[in-house]
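All remarks here apply to the structure that follows.
Laboratory data are not the source of any read-out in this text; all were calculated from the coordinates shown. Fair warning: this is a prediction, and the values are worked out from it, not measured in the lab. Reconstructed Cβ throughout: ideal geometry from the backbone, glycine too, with neighbour counts over all protein chains shown.
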Amino acid sequence: MSTITMPPPRFENPNPFPFTREQYYKLGEMGYFTNRRVELIFGEIIEQHHGDPDDPSPRPFRFTREQYYQLGELGFFDGHRVEFIYGEIVDMSPVNWPHAFTTNLASRVLTQALPTSFWICVQQPFSVPGIPPGAEPQPDVACIAGPLQSSTGHPKTAALLVEVSDSTFFYDITTKAELYASANVPEYWVVDINGRQLHVFREPQPLPAGLGSNAYRTHTVLNDADTVSPLAVPATTIRVADLLP
């Protein structure tokens, strides 16, 4: 077991959604780029002269959450798994078997370990106070306090969020950690399939000036021989090996 401190970097889309030329022109006809200077480069929409004084260099075009949902309704993302992060649309990799298996494994282990006063939500949008308006991540597993029957929509808070990581490990321990800390999620786990480790993030707090928005004070790395107790239920002990395929 080890504890490390690492501030998150600026977000860089690991896999931007590939817009076709026809979709790009359609967005222009719909008024998405009014008074904006954009161009399509290898499927990515790039904006110039966007007005950011901190970094005036060209950057990916940033959509609003309403535009993101509209594109989904219009079928732009058919055949793709996408996620909305800091105004950019991330084209998520197809779910391979190790990822799918580990997600279901983590869901089952947490369902068995947590009392019935919690319920488990798998791969659903997570949009709560504190999440930037240009972001709507979809954690692999969310542990929600309260009865499921009283839920009227997507989760508004979480006691614990879990991401299963195979090809997106650095993204999960940096950008995703910052997002979830911004929402004041008290505990965030990353199940590292390849490294056979569990990364445990706790104590969300503001970062020092100049480092970004929010991050977690502690980042603990557990090996498959270790155990972990969720903050929400400290009397419960889970073997890290039970979370790994």
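What list of ³J(HN,Hα) values in whole Hz, one per residue of the range 115-123 in order, does the Karplus curve 6.51 cos²θ - 1.76 cosθ + 1.60 (θ = phi - 60°) give from phi, with Gly and Pro shown as x?
Per residue, the Karplus-derived 3J(HN,Hα) values read x, 5, 6, 10, 10, 10, 10, 10, 6 Hz.
Give me the number: length gained by fully extending Glu203 to Arg62, i.e. 0.36 nm times residue separation minus the C-alpha to C-alpha distance, one decimal in nm.
Numbers: separation 141, 0.36 × 141 = 50.76 nm, distance 2.98 nm.
Full-extension gain reported as 47.8 nm.
Could you work out how far apart the two model spin labels at Glu29 and Ala100 are, taking each label as a point 7 Å from the Cα in the direction of the beta carbon, and quote it in nm?
That separation, rounded to one decimal, is 3.6 nm.
Contour minus end-to-end for Phe42 and Gln70, with contour as 0.36 nm per residue of separation and end-to-end as the Cα-Cα distance? Display every interim value, and only then the final one.
Numbers: separation 28, 0.36 × 28 = 10.08 nm, distance 2.28 nm.
Result: 7.8 nm gained on full extension.
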